[in-house]
Amino acid sequence: MIGGATVALTLFACACTYGPAQHRAQIDGALVQPESRTFAATVRSEIRRDPTGLSAFPDGGRAKISDQSVTIYLADADAQTVRRIARLPAPVEVQTSFASTMLGWKGTTLYLVLTGCPGTECHGGLTQRMAYRVDESGGVTPVDSVPKDLEHPPRSIARALGERVYTRVSNLTDSIKVVTDDGGPWLVRFVLDRNGELVPVRRAAP
């Protein structure tokens, strides 16, 4: 019986497997700095290993996820340039259902929040929020609270009353569209390359 149990356990362990590591990246958001052609973008990345064999039962299983982070970029819509200014590894408090949200600007300083949970479950009151201040030179500072008078771009597509510099951006998980003329066409100006880096379209890998 002991030998049979050992064989059974060995077979079970072999069947609980995971696929190869995959690097995944997606754009979490893009936010224009008011009255400018500059905008910030956040790209969330992770290393993921999907379950196979018995690990995938009964409901598809739970992937093994590691090396989660958010990278913050500053882009210029006119010059079509982009630079990476900071990278935030996911703290243990928010590693489950990890995500980022940009809250707004205070001058050239960006405020954002990381959300998620510390355990395997993540819902309702389990969700943690960790706020940060990021300056244009790449300095990152955790903050206990954010200013109440943060600056935001106009919410409407139409030019706002008194708005001098018209810039709007819209993102999918792998690209960012930009329009700089009221009523003008939305053009894909920035994309994620094969390495998960945000780059101008003209420099994107084919």
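The values are calculated or read from the model by the stated rules, or taken from the named source; none is laboratory data. None of these values were measured; they are calculated from a predicted model. Ideal geometry is used to build each Cβ from the backbone, glycine not excepted, and the neighbour counts take in all protein chains shown.
Structure values in brief
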quantity	calculated
Matching residues in segment 161-172 - criterion: being surrounded by 12 or more Cβ atoms within 10 Å (Cβ to Cβ) and either assigned to a loop (DSSP other than H, G, I, E, B) or over 21 Å from the mean Cα position of the chain (by Cα) (or both)	163, 165, 166, 167, 172
Qualifying position, being under 21 Å from residue 79 (Cβ atoms), of a type in the set (A, V, I, L, M) and not in a helix (DSSP H, G or I), among 191, 113, 146	191
First in segment 115-130 and closer than 20 Å to residue 141 by Cβ and in contact (Cβ under 8 Å) with a residue 12 or more places away in the chain, second anywhere and loosely packed, with under 10 Cβ neighbours inside 10 Å and β-branched (Val, Ile, Thr), Cβ under 8 Å, 6 or more apart	none
Members of segment 19-30 found to be touching an Asp or Glu at 6+ places or on another chain (Cβ under 7 Å) and either modelled with pLDDT under 90 or of a type in the set (Phe, Trp, Tyr) (or both), listed by number	19
Whichever residue in segment 79-111 is β-branched (Val, Ile, Thr) and in contact with a Pro (Cβ under 8 Å, 6 or more places away or on another chain) and, among such residues, is surrounded by the fewest Cβ atoms within 10 Å (Cβ to Cβ)	92
Number of positions in segment 90-107 that are modelled with pLDDT of 95 or more and among the polar types (S, T, N, Q)	2
Which numbered condition residue 35 fails, given (1) modelled with pLDDT under 90; (2) surrounded by 14 or more Cβ atoms within 10 Å (Cβ to Cβ); (3) more than 23 Å from the chain's Cα centre (by Cα)	(1)
Residue in segment 96-104 that is on the phi < 0 side of the Ramachandran plot and in contact with a helix residue (DSSP H, G or I) (Cβ under 9 Å, 6 or more places away or on another chain) present	yes
Residue 141 vs. criteria part of a strand (DSSP E or B) and of a type outside the set (A, V, I, L, M, F, W, C)	yes
Qualifying residue in segment 9-17 (condition: part of a loop (DSSP other than H, G, I, E, B), touching a helix residue (DSSP H, G or I) at 6+ places or on another chain (Cβ under 9 Å) and at pLDDT below 90)	no
Of all residues making up segment 112-123, the number that are surrounded by 21 or more Cβ atoms within 10 Å (Cβ to Cβ) and out of contact with any helix residue (DSSP H, G or I) (no Cβ under 8 Å at 6 or more places or on another chain)	1
Counted residues, segment 77-121 - those being touching a strand residue (DSSP E or B) at 6+ places or on another chain (Cβ under 6 Å) and acidic (Asp, Glu)	1
